[in-house]
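Below: the structure, in structure tokens.
What follows draws every value from the coordinates through simple rules; no lab data is involved. The shown structure was predicted, so the numbers you read here are calculated from the model rather than taken from an experiment. Quick reminder, even Gly has a Cβ in these numbers, built from the backbone with ideal geometry, and neighbours come from all protein chains shown.
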Amino acid sequence: MALLHLTEEQIRTWTREQKDRWWFENVFRGDMPQLTLRSALTGFCLGGVLSVTNLYVAAKTGWTLGVGLTSVILAFALYRIFSRLGARDMTILENNCVQSIATAAGYMTMPLTSGLAAYMWATNNVLPLWQIICFTIVLSILGVLVAFPMKRRFINDEQHPFPEGRACGVVLDALYERAGAASGMFKAKVLSIAAALAGGVSFISGESFMRLVQEKWLGLQSSWHLPHNLDGWYYALVEKGLLPLPKLAGVDIRQLALSPTLDFAMIGAGGLMGIRTAVSLLIGAVLNFVIVVPIMISLGEIQPRAGVIAEGTALFGRAHILNTWSLWWGITMMVVAAMVALFARPEVFVEAFRGLTGRRRAAAPGTDVLKDIELPLPVSWIGIPIVGAFGVWMAHDWFGVHWLLGALSIPFIMVLALIAVSSTALTGITPSSSLSKIPQFAFGALDPRTPAPNLMTAVMSAEVASNASNLLMDIKPGYMLGAKPRQQAIGHVIGIVAGALAATPLFFILFGLTNFDPASGKSVMDTMVTDKFSFPGALQWKGVSDLVTAVFGEDGGRSLLSNSILWSMAIAGFAALVMEVLRIRTKNRFPLSPLAIGLGVVVPPDSSLMMFLGALLFWVAARKYGSQPQSRGHAIWVDSQEPICAGLIAGAALIGIGDILVKVFVFG
């Protein structure tokens, strides 16, 4: 059916009781199946798989991807096929429940690749798997309890758009119209083809998979796999003396991480990212690794970790360059840009706190028509202090956070959640990165002796706030389609468990933490950060933590930051401020993103290049087919852009993860 909505006049003048009654009588779908056994199981399984792909992408790029539309299309196609075999087709509300569960699972990767990873690096201690599972589940349930009271204000009363959530509701409605069914199946086929292509290439380039097939199964003496590096042919000719060895500042450019690789997951991520962000990302990579780093090497500010430059034996590597010098100006640019963007939108703060001081238009006692389907408010008011107390106890007992600082993080959650939800409601953007810096600096200033206070209190407050705002994004389509909010809350908890159980054990296996031995001399950070996984999010968290500890500590940062690093931070901060102000003043027409430029410093250059190529591919396709809505090219490259990108990411990520698992369990 066509989606019904209130007019601007009705939103402005009606009381919440009137709006709730209108929704109950005109939109609510009554007892249509929603949280059924099959929707719960489908969401649980899809959420587990999609959280795994999110873990892979976040470890490589620092970005977490929304999986709502992907889960909608996959569930729709799956049950449409089952219906042809005689099964009952899934209702629109069952499908919406699947996406709620799957997206809740996808968000479980956020702390794993940011704050928790940074804490393990800072303390050089691997947290027990069961502690991470319990801690992330408790924090995520706290996010659910915080989100649902806000739903009544931001969704029921003020009818905020939550752009990505609204788009998901529109897609669901279109899929279940007769004309939309064919379109939905077409997008599912496109997604499957993209996944098969990316997965196939990843399979033949997977060293462990090829060893398994050729040596174990076929009995061959050796194996071949498609080289990851696209410039391998060039260096083969270099070894034969036919071509010169490319150098910058007297250093082999491969030591500066300048060696492109074929990665379909990054191509898909670039397609979702957009051309402007991808261009800025590539600029950051080129500026750092091609221009700034060679200059610093020439000046002696960056020393090799081994060998001598003059003798041609110098060893650098991206991780060494990043940790000893480049990380600081990249992080400064990201932090300044994120904070300017946040505080440049005063309407976010006005909207966030208007409901705390203004006259509320709540329903009168006894007139709440939604009391039997909404999550009861006492569940949140009682649950928040109880679940919050568990979180505070875990932070104190497991991570060494003082009781008082842990307790202060609970009201911090409410404040940051109001800001995050207001931003997400208005723009679709959850400012997770910038919000995390607020508690890091605040709690770090209170207790600068160790990294635990600024990292773990930030995980508690900022991650819960971000989780709450993202969950509201997923509640929005349910409201549009007439779903029962209480069942959506249960679905979110199912997704939380699915994501924790799927992503956390894989986190340990993928990143070499299952058999970590402190006596080996290799740190947790060196174990996790490789040429394949750079953990940009965690690097940013740890960099800010180190800066906070240094600035508020006894030596004022003198032992950590050289003069060249301080100058680079000052220049980067000023440049980020100017560019972000220009972007805001020109209403986003300024072509560069300082946040993405800073991210390009942290992300491996080969990933930045592949993301740029992915964004360029879809930008060119949109230019060519955007004005031809009836063409086949438009249907594939414009209408199906997101399914193609999701397929590329899922296919490459799942096969890439499988290759690592084969290496660990078969050849390890």
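Data for the structure
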| read-out | value |
| --- | --- |
| Top positive-direction residue, dipole computed over the chain with Cβ charges, set F209, T324, I384 | I384 |
| Check: segment 215-322 dipole with +1 on Lys, Arg Cβ and -1 on Asp, Glu Cβ, in debye | 140 |
| J(HN,Hα) series, segment 407-416, from Karplus relation 6.51 cos²θ - 1.76 cosθ + 1.60, nearest Hz, glycine and proline x | 5, 5, 5, 5, x, 4, 4, 5, 5, 5 |
| Pairwise centroid distance, computed over Cα atoms, of segment 277-341 with segment 198-220, Å | 35 |
| At most 11 other Cβ within 10 Å, DSSP loop - chymotrypsin sites (Phe, Trp or Tyr not before Pro), segment 164-238 | W224 |
| FRET E, pair K522, I193, Förster distance 41 Å, beta-carbon r, rounded to 0.05 | 0.50 |
| Pairwise label distance in nanometres, L577 with L3, each label 7 Å out on the Cα-Cβ vector | 4.1 |
| Using alpha-carbon coordinates, inclination of helix 16-26 to the longest axis of the chain, degrees | 80 |
| Protection proxy ranking of 98-109, 471-482, 582-593 - average other beta-carbon atoms within 10 Å, highest first | 98-109, 471-482, 582-593 |
| Residues of type lysines that K484 reaches as a straight line, Cα spacing below 30 Å, ignoring anything fewer than 8 places off in the same chain | K19, K151, K187, K371, K476 |
| Prolate/oblate/rounded label for segment 1-142 (Cα gyration tensor, a/c 1.5) | oblate |
| Under DSSP loop assignment and at most 11 Cβ neighbours within 10 Å, longest GluC sites (Glu not before Pro)-free interval of the chain | 1-310 |
| All Cα pairs of segment 166-281, percent lying beyond 24 Å | 57 |
| Which of A646, T261, A462, positive extreme of dipole for the chain (C-beta unit charges) | A646 |
| Cα-based shape type of segment 565-668, given that a ≥ b ≥ c are square roots of the gyration tensor eigenvalues and the cut on a/c is 1.5 | oblate |
| Listed peptides 276-287, 378-389 by packing density, highest first (mean Cβ within 10 Å) | 276-287, 378-389 |
| Farthest toward positive dipole pole in the chain [+1 Lys/Arg, -1 Asp/Glu at C-beta], among A519, G48, V421 | V421 |
| Percent RCO, i.e. relative contact order, over segment 239-342, from Cα pairs under 8 Å lying at least 6 residues apart | 30 |
| Given charges at beta-carbon only (K, R positive; D, E negative), |dipole| of the chain in Debye | 1140 |
| The chain, Cα convex hull volume normalised per residue, Å³ | 176 |
| Residue-averaged [θ]222 nm for the chain, counting only DSSP H segments that reach four residues, each worth -39500 (n - 2.57) | -21500 deg cm²/dmol |
| Pairwise FRET efficiency - C45 versus V170, Cβ, R0 = 30 Å, nearest 0.05 | 0.75 |
| For segment 297-310, Karplus couplings with θ = phi - 60° (6.51, -1.76, 1.60), whole Hz, Gly/Pro x | 5, 4, 7, x, 6, 10, 9, x, 6, 6, x, 10, 4, 4 |
| Net +/- balance of residues flanking F667 in space, Cβ distance below 12 Å, scoring K and R +1, D and E -1 | 0 |
| In order through segment 574-585: 3J(HN,Hα) via Karplus (6.51 cos²θ - 1.76 cosθ + 1.60), integer Hz, x for Gly, Pro | 5, 4, 5, 4, 5, 5, 5, 5, 4, 4, 6, 5 |
| Cut-off under 5 Å, modelled amide H: who pairs with S593 long-range | S280 |
| Helix 275-286 vs. the chain, principal-axis angle (Cα, 0 to 90°, nearest 10) | 30 |
| Residues of type lysines that K189 reaches as a straight line, Cα spacing below 26 Å, ignoring anything fewer than 8 places off in the same chain | K624 |
| Amide proton proximity set for T36, modelled H, under 5 Å, gap of 5+ | none |
| Burial order of peptide ranges 288-299, 539-550, 116-127 (average beta-carbon count within 10 Å, highest first) | 539-550, 116-127, 288-299 |
| Rg followed by Dmax, in Å, when segment 429-536 is reduced to its Cα trace | 18.3, 57 |
| Nearest 10 degrees, 0 to 90: helix 327-343 Cα axis against the chain principal axis | 20 |
| Residues whose placed amide H lies under 5 Å from that of L243, excluding near-sequence neighbours | V238 |
| Linear extension gain, T15 paired with I584, 0.36 nm per residue minus alpha-carbon span | 201.4 nm |
| Given charges at beta-carbon only (K, R positive; D, E negative), |dipole| of segment 573-654 in Debye | 380 |
| Spatial separation of Cα centroids for segment 1-53 and segment 441-497, in angstrom | 20 |
| Nearby lysines by direct alpha-carbon distance to K532 (threshold 24 angstrom, same-chain neighbours under 8 apart not counted) | K60, K247, K522, K542, K663 |
